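Visitor: Below are the structure tokens for one structure; questions will follow.
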Amino acid sequence: MDSTKITLIMTAACAAVYVFMVASIPLKIKKLKNETGDLLLKLSDKSALKAIGVLLFGALLIAVVPVRSFPVYLAAVFLGVALIAANMAVNETANSKLNGVYSNMIISQSQAIKYDDIESLPTLAYEKDEDTTMVDFASLEILLRDGRKTQLVFADENERTQVVETILSVCKRLKP
């Protein structure tokens with residue numbers, strides 16, 4: 001089998017996965033809606049347009065690969081980048097429809113975090129300490145039960161304060 005056929009097969013497989021990922025957005029939204037609970041605080045959403053741009057760029061990248069005569073390894077890299085970008089954009093698009101603080105979880109940007117998965121909110125313990133400097137009051141660091149740390153970034157300090165207050169009112173065990 002020559003490299004052109006291999007590239008075409010990889011491109012066709014990648015295009016099928018890409019279409020499946022994009023088609024799954026409504027299913028992801030429906031699944032998230034079933035898990036969220038009641039909306040307590042709606043968050044601003046500025047990322048949907050960016051995510052759509054990334055999806056379009058991924059489709060363009062997949063379409064360009066078979067037209068150009070790239071070596072197989074380079075075609076595989078381009079197709080892999082397109083799928084990784086599409087995965088990130090699909091998550092961002094699905095979550096952007098539901099950005100907010102809910103009774104069971106928080107959804108912000110490309111992250112949906114259940115309160116049961118949160119171990120602590122480390123920044124709350126030291127952010128008001130006078131010796132602490134360089135704290136970004138528009139973001140919130142979250143330590144998950146599996147040991148990972150994640151950071152949510154909000155539109156401004158006011159939105160972050162509202163989010164923290166809402167989370168602490170629902171999940172009292174997270175108070176520092």
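The values are calculated or read from the model by the stated rules, or taken from the named source; none is laboratory data. Since the model is a prediction, treat every value here as computed from it, not as a measurement. Every residue, glycine among them, receives a Cβ derived from its backbone with ideal geometry; neighbour counts consider all protein chains shown. The area values use the complete protein model at the heavy-atom level, side chains included, leaving out ligands, DNA and RNA. Shrake-Rupley method; radii C 1.70, N 1.55, O 1.52, S 1.80 Å.
Visitor: Quick check on segment 105-122. Is at least one of its residues open to solvent by 80 Å² or more (accessible area, probe 1.4 Å) and not charged (D, E, K, R)?
Guide: Among the residues of segment 105-122, not one is open to solvent by 80 Å² or more (accessible area, probe 1.4 Å) and not charged (D, E, K, R), which makes the answer no.
Visitor: Please find, among LEU55, LEU43, the residue that is surrounded by 17 or more Cβ atoms within 10 Å (Cβ to Cβ), under 16 Å from the mean Cα position of the chain (by Cα) and within 30 Å of SER3 (Cα to Cα).
Guide: One residue alone meets the criteria, LEU55.
Visitor: Ok, one more. Kindly provide the set of residues from segment 5-32 that are open to solvent by less than 80 Å² (accessible area, probe 1.4 Å), more than 13 Å from ALA59 (Cβ to Cβ) and of a type in the set (Val, Ile, Thr), ordered by number.
Guide: Listed by number, the residues that qualify are ILE6, THR7, ILE25, ILE29.
Visitor: Conditions first: (1) at pLDDT 90 or above; (2) farther than 21 Å from ILE25 by Cβ; (3) basic (Lys, Arg). LYS114 passes all but one, so which condition is the exception?
Guide: (2)
Visitor: Of everything in segment 139-168, what is over 19 Å from ASP45 (Cβ atoms), of a type outside the set (D, E, K, R) and either exposed (fewer than 12 other Cβ atoms within 10 Å of the Cβ) or under 19 Å from the mean Cα position of the chain (by Cα) (or both)? Give them in sequence order.
Guide: ILE142, LEU143, LEU144, GLY147
Visitor: Follow-up. Could you check, for segment 47-54, whether at least one of its residues is at pLDDT 90 or above and farther than 30 Å from SER103 by Cβ?
Guide: Step one: of segment 47-54, the residues at pLDDT 90 or above are 53-54.
When the remaining residues are screened for being farther than 30 Å from SER103 by Cβ, the result is 53-54.
Yes - at least one qualifying residue is present in segment 47-54.
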